[in-house]
Amino acid sequence: EKNYMQLVFSRVTDEMGVTRFVCGFRNIDEVVAEEKKKNILYTMAHIDSMTNLGNRRTFDEYMDSYVNKEPEADLLFFSFDLNELKAVNDTYGHEAGDELIIGAAACKKSAFGQSEQVFRTGGDEFSAIIHCESGARKALIKRLTDTFNSWSGKICSDLSISMGYVGSDEKPGISLEDMRREAEKRMYAQKSDYYRQAGKDRRKPGTDGYF
């Protein structure tokens, strides 16, 4: 019968200056169980359970990693917000609203790819930090828009998303936090246009997630 073990050792220097090694063995099964537990705890703390995207904590940690770092030249910051989510919840129930949130997340993962940084930062709010060369941005935006437009769920026939994005090459020395603010500003401008064209006041109860 085979039993795999992990050798654990530590170098110790005594009072006389003599260095020795203290060794021990651990059952590999115990090591694997500990790693699984760590992974579970990390997932619970950093991954949004509904969409499997990074959660707000993960997003904040990623933003913090750029505090003293200049964004790469090919970086794009996206800000997203679902339109009329509250109206869907009120009319069809929260199951329908959840379907829209999950569908929006799936569309982003499909358009951007699994390797990019996509986060659910609030109830119906998302952010994405994507590497994309300037020459490929037009195609990326079209692919993203087409993915949104072609989505259809079991309860909801379509979804509507407002978005704003900013490239790091738009302004010399721009920080990632500045990009976030500008992307949100552009997203809210598009959201206002959406409600204006639809003849709705998003500030009224029952129109969206705004009051």
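Just checking, how many residues over the range 16-54 are at pLDDT below 80 and open to solvent by 60 Å² or more (accessible area, probe 1.4 Å)?
Within the range 16-54, residues that are at pLDDT below 80 and open to solvent by 60 Å² or more (accessible area, probe 1.4 Å) number 15.
Any residue at all in the range 46-53 that is more than 30 Å from GLU133 (Cβ to Cβ) and outside any helix (DSSP H, G or I)?
Scanning the range 46-53, I find at least one residue that is more than 30 Å from GLU133 (Cβ to Cβ) and outside any helix (DSSP H, G or I), so the answer is yes.
Quick one: which of GLU133, GLU70 is closer than 19 Å to PHE59 by Cα, touching a residue at least 40 places away in the same chain (Cβ under 8 Å) and open to solvent by 50 Å² or more (accessible area, probe 1.4 Å)?
GLU70
What are the residue pairs meeting all of these: first residue in the range 136-147, first residue closer than 20 Å to LEU82 by Cβ, second residue hydroxyl-bearing (Ser, Thr, Tyr) and open to solvent by 50 Å² or more (accessible area, probe 1.4 Å), Cβ atoms under 6 Å, and 6 or more apart or on different chains?
As it stands, the answer is THR147/SER110, since those pairs meet every condition given.
Quick check: is even one residue across the range 184-194 open to solvent by 70 Å² or more (accessible area, probe 1.4 Å), more than 22 Å from GLU95 (Cα to Cα), touching a residue at least 60 places away in the same chain (Cβ under 8 Å) and of a type in the set (Asp, Glu)?
So far as the range 184-194 goes, no, none of its residues is open to solvent by 70 Å² or more (accessible area, probe 1.4 Å), more than 22 Å from GLU95 (Cα to Cα), touching a residue at least 60 places away in the same chain (Cβ under 8 Å) and of a type in the set (Asp, Glu).
The values are calculated or read from the model by the stated rules, or taken from the named source; none is laboratory data. The structure displayed is predicted, hence computed values, not measured ones. Because the Cβ atoms are built from the backbone with ideal geometry, glycine has one as well, and the counts that use them run over all protein chains shown. The area values use the complete protein model at the heavy-atom level, side chains included, leaving out ligands, DNA and RNA. Shrake-Rupley method; radii C 1.70, N 1.55, O 1.52, S 1.80 Å.
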